[in-house]
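What follows is a short report on a single structure.
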Amino acid sequence: MLGVQVKTIYGYAAKKDSYAKRLRRIEGQVRGIAKMIDDDKYCVDILTQISAASSALRSVALNLLDDHLDNCVGQAIAQGEGEANTKLAEASAAIARLVRS
């Protein structure tokens, strides 16, 4: 083989543009929160915006997790028990991190 590198395509590939757009929107929310602090806005208003940004990030995370389960874990199951167990353990760890955050 001539050192051909195969590019891995992940489950979110079909929705990549949508995820990028949502993350840019969240980035704008976070910049807005920083500006609210710079402008000495009311604490509860800032907390409300932080809650909205957190919720938006959680939504992206859950959608990515769904894509991972549908695609990456599904493919691993087709490849056999060893690969499936590895992907399921990764997914379980990711879920645990999401729940703790």
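Against the chain, whose longest principal axis is taken from its Cα atoms, helix 43-67 shows a tilt of about 10°. Helix 16-38 against the longest principal axis of the chain: what's the angle in degrees, Cα atoms only, rounded to the nearest 10? In the chain, helix 16-38 runs at an angle near 30 degrees to the longest axis. Taking Cα atoms only, the orientation of helix 81-100 departs from the longest principal axis of the chain by about 10 degrees. For G11, nonlocal amide neighbours, meaning residues 5 or more places apart or on other chains whose placed amide H falls under 5 Å from its own, are C72. Taking label points 7 Å from Cα along the Cα-to-Cβ direction, D45 and T8 give a separation of 4.5 nm.
Rule-based calculations on the coordinates, nothing more; no lab input. Predicted model only: the values in this text are computed from it and were never measured. Here the Cβ is made from the backbone with ideal geometry for all residues, glycine too, and neighbour counts use every protein chain on show.
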